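**Q** Below is a structure I'd like to ask you about.
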Amino acid sequence: MASDLLIAQPDDGPVLDLAGDLSLILPNDFPRTVKPFAVDAHSRMLWSELKQPLTPWLLMLGFEDVDPRPPWLLPGLRDLQALLWLAEQLDHEIESSVAGAVTVVLPPATQALAMLQLARQGPELLDSLWGPLLTWWTETRRKLSHFDRVLRLQLPAADDLRPPEVWRRRLQKLSTYLNNPAHSELVLALIGDAARWPLLRRRCALMPLNSLPLTRIVLQGQGWTVTPLPDSGLPVLITGRDEMNQRDFIQQWWSSASTPPPSVRWDRGDQQGRLTLTCRVFAPGVQKADLRITCRDQKLEISAFEQRLQIVLPKESHGLAPLSARVKGVCIEIDFR
């Protein structure tokens with residue numbers, strides 16, 4: 001599926017492969033540059049940037065020779081490493097003024113969602129991981145200051161252990177792109193027959209329920225006689241498992257305008273002279289039976305499919321309470337009276 005979608009895409013910019021196996025399915029004459037995320041090579045590059053500030057600390061702990069192969073430093077940081085690589089590549093492409101959009105191929109939906117949630121945090125992602133460690137070291141170094149003077153230990157200061165500033169700058173740029181729908185387009189590609197729509201609709205709701213700008217959907221499978229989500233404003237491409245060579249059809253889908261409603265919209269009303277508010281939330285695939293809605297601490301919380309979307313209530317809603325909720329088309333509507 002990915003091969004045909006990329007070939008028909010009306011862009012000539014580079015393709016960044018976070019899934020890591022795109023080169024196995026693309027034809028040899030694929031005209032665009034493909035850059036795969038290589039964990040080992042990138043680990044060594046990161047270590048070259050970290051080695052100088054961390055060396056005093058590692059020597060103090062008795063590590064004379066550190067192997068930078070993953071998992072480097074701490075386990076469970078592969079997603080962070082992938083995002084650092086992505087932020088670096090995007091920064092390079094923008095600085096080099098390469099024509100065409102940059103296409104990023106992500107892992108499957110649930111893993112991609114976790115990565116995108118991390119990426120939207122920007123530099124705060126680094127701070128949340130490094131901050132507690134630096135705080136602990138600052139306090140530990142203070143307690144060891146007496147031994148530092150007596151034994152002449154070379155204890156590095158916490159400021160010397162901070163990650164490179166260029167990482168923060170690149171992650172900030174990546175966060176800016178993801179948090180601004182005008183700078184990014186999110187395409188969801190799913191494999192499944194029409195009979196699996198009860199499961200597939202959960203995947204369609206994942207991104208909007210996390211405030212991510214879903215703009216296009218691909219469904220590859222059999223039995224699709226009716227296009228789902230017809231009023232979503234999302235171009236939906238449906239193709240059989242052996243029909244992905246319809247290049248003209250796919251190109252037409254790429255060129256179709258994507259016009260989904262706003263992720264969240266508040267509408268004012270009047271009922272017998274009293275203010276009413278309706279909150280409309282874009283959530284394609286959600287049904288009323290899936291919903292759990294609560295309102296507390298000046299926030300509206302919408303739960304569905306084990307996802308939670310929190311919406312800050314506007315000031316004019318103070319004194320009003322949620323009266324009813326419904327699903328209308330691809331939107332959840334909550335009335336406040």
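**Q** So is VAL34 within 21 Å of ILE94 (Cβ to Cβ), of a type in the set (A, V, I, L, M, F, W, C) and either touching a helix residue (DSSP H, G or I) at 6+ places or on another chain (Cβ under 9 Å) or surrounded by 14 or more Cβ atoms within 10 Å (Cβ to Cβ) (or both) or not?
**A** For VAL34, the condition - within 21 Å of ILE94 (Cβ to Cβ), of a type in the set (A, V, I, L, M, F, W, C) and either touching a helix residue (DSSP H, G or I) at 6+ places or on another chain (Cβ under 9 Å) or surrounded by 14 or more Cβ atoms within 10 Å (Cβ to Cβ) (or both) - is met.
**Q** Something else about it: In the range 268-311, what count of residues is obtained for those that are small (Gly, Ala, Ser), touching a residue at least 24 places away in the same chain (Cβ under 8 Å) and not in a strand (DSSP E or B)?
**A** 2
**Q** Taking the range 270-313 only, how many residues are open to solvent by less than 30 Å² (accessible area, probe 1.4 Å) and within 14 Å of ILE334 (Cβ to Cβ)?
**A** The number of residues fulfilling the criteria is 16.
**Q** Are any residues in the range 281-320 within 27 Å of THR110 (Cα to Cα) and touching a Cys at 6+ places or on another chain (Cβ under 8 Å), and if so, which ones?
**A** Of everything in the range 281-320, those that are within 27 Å of THR110 (Cα to Cα) and touching a Cys at 6+ places or on another chain (Cβ under 8 Å) turn out to be VAL281, PHE282, ALA283, PRO284, GLY285, LEU300, GLU301, ILE311.
**Q** Exactly one condition in (1) in contact with a helix residue (DSSP H, G or I) (Cβ under 8 Å, 6 or more places away or on another chain); (2) without any contact (Cβ under 8 Å) to a residue 24 or more places away in the chain is not met by GLN252; state its number.
**A** (1)
**Q** VAL327 passes all but one of (1) aliphatic (A, V, I, L, M); (2) closer than 20 Å to PRO198 by Cβ; (3) not in a strand (DSSP E or B); which number fails?
**A** Evaluating VAL327 over (1) aliphatic (A, V, I, L, M); (2) closer than 20 Å to PRO198 by Cβ; (3) not in a strand (DSSP E or B) leaves (3) as the failure.
**Q** I'd like to check which helices (runs of 4 or more DSSP H) are fully inside the range 158-255 and have at least 1 residues that are open to solvent by 70 Å² or more (accessible area, probe 1.4 Å), in contact with a strand residue (DSSP E or B) (Cβ under 7 Å, 6 or more places away or on another chain) and modelled with pLDDT under 90. Outline the logic, then answer.
**A** Values: elements: 165-179, 197-206, 247-255.
The helices (runs of 4 or more DSSP H) meeting that bar number zero.
The values are calculated or read from the model by the stated rules, or taken from the named source; none is laboratory data. Everything numeric here is computed off the predicted structure, so don't read it as measured data. So basically every Cβ, Gly included, is an ideal-geometry build from the backbone, and we count neighbours across all protein chains shown. Ligands, DNA and RNA are excluded from the accessible area calculation, which covers all protein heavy atoms including side chains. Shrake-Rupley method; radii C 1.70, N 1.55, O 1.52, S 1.80 Å.
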